[in-house]
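Here the structure is laid out as structure tokens; the discussion comes afterwards.
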Amino acid sequence: MSARPIPGARIWLIGALVFATAGLGACEQTIEVRGNLPEPETMAKISPGVHTRNDVMRLLGSPSTISTFKDDIWYYVGQKSTEFAFFKPEVLERRVLIVSFDDKGTVAETKTLTLADGREIDPVDRKTPTEGRKLTLFQQLFGNLGRFTAQDNK
């Protein structure tokens with residue numbers, strides 16, 4: 001007696017394999033680059049006392065941010081990270097290039113900070129108290145029913 005294949009079993013098996021392969025492919029590790037992450041060779045081309053704001057803009061593009069109170073310090077911030085499925089992203093590389101300008105708009109100093117220069121911080125988790133009363137979901141949804149009349153709309 002020979003075993004006969006069940007009709008449709010082969011199609012079901014192929015479908016299951018395709019589905020499993022697609023599911024595993026969706027979990028591919030991705031690498032994301034965020035911000036402006038100029039190459040070290042490009043950053044090395046900037047010379048203090050020689051280059052101007054326009055030269056820096058031409059080489060690196062627009063800065064990620066400019067100092068708050070004066071426009072004499074430009075920051076180029078970039079980060080490369082990897083993420084696998086739903087796990088927490090892992091930072092592979094982080095660079096902050098700080099370009100300071102003098103009063104004439106010439107580069108006075110450049111400084112590069114990396115991931116090693118960063119520090120972990122613990123955010124404060126306490127809550128700021130607010131005035132007023134706490135409302136339940138029911139009170140928030142139905143609290144205004146019947147408060148307004150047709151006279152109020154005139």
In segment 99-121, residue modelled with the lowest pLDDT [restricted to those that are farther than 18 Å from residue 41 by Cβ and touching a Ser or Thr at 6+ places or on another chain (Cβ under 7 Å)]: 105
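In segment 66-89, which residues are in a strand (DSSP E or B), farther than 15 Å from residue 43 by Cα and either out of contact with any Lys or Arg (no Cβ under 7 Å at 6 or more places or on another chain) or among the aliphatic types (A, V, I, L, M) (or both)? Working first, answer last.
Taking segment 66-89 and keeping what is in a strand (DSSP E or B), we get 66, 73-83.
Those still in the list that are farther than 15 Å from residue 43 by Cα too: 66, 73, 79-83.
If the condition is that a residue be in a strand (DSSP E or B), farther than 15 Å from residue 43 by Cα and either out of contact with any Lys or Arg (no Cβ under 7 Å at 6 or more places or on another chain) or among the aliphatic types (A, V, I, L, M) (or both), then 66, 73, 80, 81, 82, 83 are the ones that fit.
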Criterion: more than 21 Å from residue 115 (Cα to Cα), touching a residue at least 12 places away in the same chain (Cβ under 8 Å) and under 24 Å from the mean Cα position of the chain (by Cα) - qualifying residue of 61, 35: 61
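Does segment 110-118 include one or more residues that are exposed (fewer than 10 other Cβ atoms within 10 Å of the Cβ) and within 30 Å of residue 50 (Cα to Cα)?
Looking for residues that are exposed (fewer than 10 other Cβ atoms within 10 Å of the Cβ) and within 30 Å of residue 50 (Cα to Cα), one finds at least one in segment 110-118, hence yes.
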Per-region count, segment 82-98, residues in contact with a strand residue (DSSP E or B) (Cβ under 9 Å, 6 or more places away or on another chain) and either surrounded by fewer than 16 Cβ atoms within 10 Å (Cβ to Cβ) or at pLDDT below 90 (or both): 8
Any hit, segment 43-51, residues being surrounded by 10 or more Cβ atoms within 10 Å (Cβ to Cβ), among the aliphatic types (A, V, I, L, M), at pLDDT below 85 and assigned to a helix (DSSP H, G or I): no
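The values are calculated or read from the model by the stated rules, or taken from the named source; none is laboratory data. If you're wondering where the values come from, they're calculated on a predicted model, not measured in any experiment. Note that we place each Cβ from the backbone using ideal geometry, even for glycine, and neighbour counts take in every protein chain shown.
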